[in-house]
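Inspection log for the structure reproduced underneath, given as structure tokens.
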Amino acid sequence: MVGEPEGELAPMSHSYTKGLHELGDGVWAYIQPDGSWCLSNAGLIVGDGTSLLVDTLMDLKLTREMLDSMKSITATRPIDTLVNTHANGDHCYGNELVPDRAEIYATVAAAEEMTEVPPARLLGMREAEDPELREFAQYCFGAFAIEEVNGRPPDRTFTDSLELEVGGRKVSVADLGPAHTHSDSIVYLADARTVFTGDLVFVKGTPIAWVGPIGNWLAACDRICALDVDTVVPGHGPITDKDGVRDVHAYFSHVYAEAKLRQEAGVDSLEAAFDIDLGPFAEWGDSERIVVTVDTIYGELDPSHATGEPTELFRQMGRYMKKAAPQPR
């Protein structure tokens, strides 16, 4: 296949177990294996007498479990600040459980997008009359009690970047999107050489470009790799380093090149997604997300391209998942 990627992917170098992982120097990551649909990661940054939480989780049960696991830390250093890296529900649906006094920050674009994808929209797909859509939505969202989510919007919004002081520590937040969503922020702690990337980085799982452009995502990977960091906490998957970011860059470079070849040859976007050989990335989980990413790339290459409706894209991802599943011998 033209454009097949070369080389090996970065190995995982950290243990991958559910729960709170101390990264050192008053920084923790909360990890949820296996990192598939809606099993996202979060983080805790502790300063003198206070803490900052990076993201909440997909529902109240999961978020409550996470906050309970942090109680030994936050009892004396309470969560006074929450940063939502982007608008997807698995990073913000648990917002209502942070203390009332805590201020929630997100970009202007992320705050607007949160209103566009409320839990009711996902519930609608989960309960759809169309059997294919319902089946795949149940696969993605069926394990989560999103019907219990009331939601809590950000208290403060910003554009481009934000500097926060957390108990004497400087925390830098920067919007590197649009890419995965309309706005994708990273949270960088220079004194701990650590960055929380939100869904700009997936490790051993297939990323999904809901919005693009892909060039922005590649640039975001370059920006993250330019930081003076040793530890990268992805939005999904195990804790990594810059090699995990480079893998995401390699994935999008490969898929973009392959999609462009097919678009120029007049191949339909859906046919292209099903045709592309993922090479070493085929072993990553949730490979069906290529359906959305290729549709986004086609819209990028041709502004007249009719972008697929979300429900149709979910239906086609379900078909792709069945196609990609190992066949019995």
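Derivation of every value follows stated rules applied to the coordinates shown; laboratory data play no part. All figures in this text were calculated on a predicted structure; none of them were measured in a lab. Ideal geometry is used to build each Cβ from the backbone, glycine not excepted, and the neighbour counts take in all protein chains shown.
Quick notes on this one:
- J(HN,Hα) series, segment 236-241, from Karplus relation 6.51 cos²θ - 1.76 cosθ + 1.60, nearest Hz, glycine and proline x: 9, x, x, 4, 9, 10
- Our helix-only sum for the chain, with -39,500 (n - 2.57) per DSSP H run of n ≥ 4 divided by its residues, gives a mean residue ellipticity at 222 nm of -10500 deg cm²/dmol.
- Charged-residue dipole, Cβ positions (Lys, Arg, Asp, Glu), the chain about Cα centre, Debye nearest 20: 640
- Relative to its Kirkwood radius, the Cα radius of gyration of segment 202-252 gives an Rg/Rh of 0.93.
- Counting Lys and Arg as +1 and Asp and Glu as -1 over every other residue whose Cβ lies under 13 Å from the Cβ of H249, the net charge comes to 0.
- Once the mean of 1/r is taken over each pair of separate Cα atoms and inverted, the chain shows a Kirkwood hydrodynamic radius of 20.0 Å.
- The charge dipole of segment 184-300, taken about its Cα centre with unit charges on the Cβ atoms of Lys, Arg (+1), Asp and Glu (-1) only, comes to about 260 debye.
- In segment 57-115, the convex hull through the Cα atoms has an average projected area of 3.9 nm², a quarter of its surface area.
- Two-decimal log10 I(q)/I(0) for segment 123-268, as the Debye equation yields it once each C-alpha is a single scatterer, q = 0.10 Å⁻¹: -0.46
- Paramagnetic reach from E163 in segment 173-198 [backbone N under 15 Å; point 7 Å along Cα→Cβ]: 173-174, 188-191
- Take the Kirkwood radius over Cα pairs of segment 1-142, plug it into Stokes-Einstein at 4 °C and 1.567 mPa s, and you get 77 µm²/s for translational diffusion.
- Taking Lys and Arg as +1 and Asp and Glu as -1, the other residues whose beta-carbon sits under 12 Å from that of K18 total -2.
- Highest average packing first - 243-251, 298-306, Cβ atoms within 10 Å: 243-251, 298-306
- Under 5 Å between amide hydrogens, built in the peptide plane, is the criterion, and for A209 it picks out T293 among residues at least 5 positions away or on other chains.
- Amide H contacts of E103: T81, L82, each under 5 Å away and 5 or more positions distant or on a separate chain (H built 1.01 Å from N in the peptide plane; Pro and chain starts excluded).
- Taking a sphere under 11 Å around the Cβ of A273 and counting the other residues whose Cβ falls inside, with K and R at +1 and D and E at -1, yields a net charge of -2.
- Segment 225-329 gives an Rg/Rh value of 1.02, both radii derived from C-alpha positions and Rh following Kirkwood.
- The modelled label-to-label distance for the pair A143/D25, using points 7 Å beyond Cα in the direction of Cβ, is 3.3 nm.
- Counted residue by residue at 0.36 nm each, then reduced by the alpha carbon distance between them, the extension gain from E112 to T307 reaches 68.1 nm.
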